[in-house]
Amino acid sequence: MSLTTVKQPLTIRLCGPRGFCAGVDRAIQIVVLALKEFGAPVYVRHEIVHNRYVVEGLEAKGAIFVEELDEIPPEHRKQPVVFSAHGVPKSVPADAESRNLFYLDATCPLVSKVHKQAMRHNRLGRHVVLIGHAGHPEVIGTMGQLPEGTVSLIETIEDVDAYEPADPDNLGFVTQTTLSVDDTAGVIKRLHERFPNLTAPAADSICYATTNRQEAVKQAAPGCDLFLIVGAPNSSNSKRLVEVASRAGAKASFLVQRAAEIDWSQMDGVRTVGLSAGASAPEVIVNEIIEAFRERFDARVELADTVEENENFLVNRELRHVPLTTSDMAFVNGE
Ligand code: 0CH
Ligand code: SF4
């Protein structure tokens, strides 16, 4: 007589939109195209996006990741250096020029838009309030668009309460693109209460991808025993999705980088699992996780789609003529 194990039924609520956004897709494309056009090595300042799988995949193709430009050896000065999707302070391209480096900027156009809004506030004589997380590369990049002392960083409602600007009637704000939509609304509300003449940016700083991924998780979370977000611990937008899932009613929520990290001992009694991925997390890992569930459960995938996304950002002019093969395209799309 053969003993067969009966797998427990389990529903995976798969959120859409999830994973790569147009800015991430573009940034990865820029590194892949630069490698094709200029040959290896191509230097990348900071992780192009916050994901080890992507970084290691690009390293295998010949990219070298550095944190600062002085790590690029003089004999490789003619090779390009790419600036990451998160954006850089103005001092970085200036430093590249002084070192005679050839750089390609992969800053997401929506991050560049926030830089422009901050510069506009400054041009019109306003002190800039930047809502964001201290130390994050995007915050360093946005603050670095303007002279020292002309931007104040605010992280929380408590920071707003403690803030004593020199000219409270002449403030303009912008935010990091990947913040919690709900928390940021609270911070902005308090800023307006304390500083009624505060000027908002012409367009929302939190981007479409952040907004859509949070909304999809919010809708899927009620009734989930567990919510998994594919993403890295240094990925701001992915961490926000974990918080959104818990607040919207998932009994527990975790960030996971690879299927191998999943603690299966936590799955006792779990019947419905929410699944989404941060803007820097490739779809191939989402599929790996679904497969890992299928090996252990009688898993059924239920699509929890909200809106369709059609955004697409062009790469730098210097790279537009370079063709991508089908396998390059698959890598760029996270497949
Ligand atoms: O969410 P953060 O900003 O930490 O970055 P990521 O995980 O690399 O995702 C891409 C967003 C890049 C800039 O908005
Ligand atoms: Fe651009 Fe938003 Fe993606 Fe960041 S998360 S790269 S701002 S589209």
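Each reported figure results from applying straightforward, stated rules to the coordinates on display, with no laboratory input. Quick caveat, the model's predicted, so the values are computed rather than measured. Positions of Cβ are generated from backbone atoms using ideal geometry, with glycine treated the same way; all protein chains shown enter the neighbour counts.
Most exposed first by the Cβ proxy, i.e. fewest other Cβ within 10 Å, how do THR107, THR156, THR4, THR306 rank? Please report the intermediate quantities before stating the final value.
On the way: THR107 19, THR156 13, THR4 5, THR306 16.
Lowest count first: THR4, THR156, THR306, THR107.
Counting other beta carbons within 10 Å of each Cβ, put ARG294, ARG320 in order, fewest first.
Listed from fewest to most nearby Cβ atoms, that is ARG320, ARG294.
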Checklist entry - SER152's amide H: which non-local residues (gap 5+, or another chain) put their own amide H closer than 5 Å, with H modeled 1.01 Å from N in plane and none for Pro or chain starts? => result VAL128, VAL129, LEU130
Item to check | Neighbour-count ranking [beta-carbon atoms within 10 angstrom, fewest first] of LEU14, LEU241, LEU228 | outcome: LEU14, LEU228, LEU241
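Find, to one decimal place in angstroms, the Kirkwood hydrodynamic radius of the chain, where the mean of 1/r is taken over every pair of different Cα atoms and then inverted.
Details: mean 1/r = 0.0469 Å⁻¹.
One decimal place: 21.3 Å for the Kirkwood radius.
Is there a quick way to get the dipole size of segment 124-168? I mean about its Cα centre, with the Cβ of Lys and Arg at +1 and of Asp and Glu at -1; what is the value in debye to the nearest 20? Intermediate values should be presented prior to the final figure.
Working: 1 positive and 8 negative charges, 49 e Å.
Value, rounded to 20: 240 debye.
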Next on the checklist: Under 10 Å, Cα contacts only: if you run a Gaussian network model on the chain, which one of SER98, SER246, SER280 comes out with the highest mean-square fluctuation?
Outcome noted: SER98
Checklist outcome for this item: Under 5 Å from the placed amide H of VAL256, counting only residues 5+ away or on other chains, we find ILE229, VAL230, GLY231
Checklist entry - Based on the Kirkwood radius over alpha-carbon pairs, what is the Stokes-Einstein translational diffusion coefficient of segment 1-115 at 37 °C with 0.692 mPa s viscosity, in µm²/s? => result 205
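Roughly how many debye, to the nearest 20, is the charge dipole of the chain about its Cα centre, given +1 on each Lys and Arg Cβ, -1 on each Asp and Glu Cβ, and no other charges?
Working: 33 positive and 45 negative charges, 111 e Å.
So the magnitude is around 540 debye.
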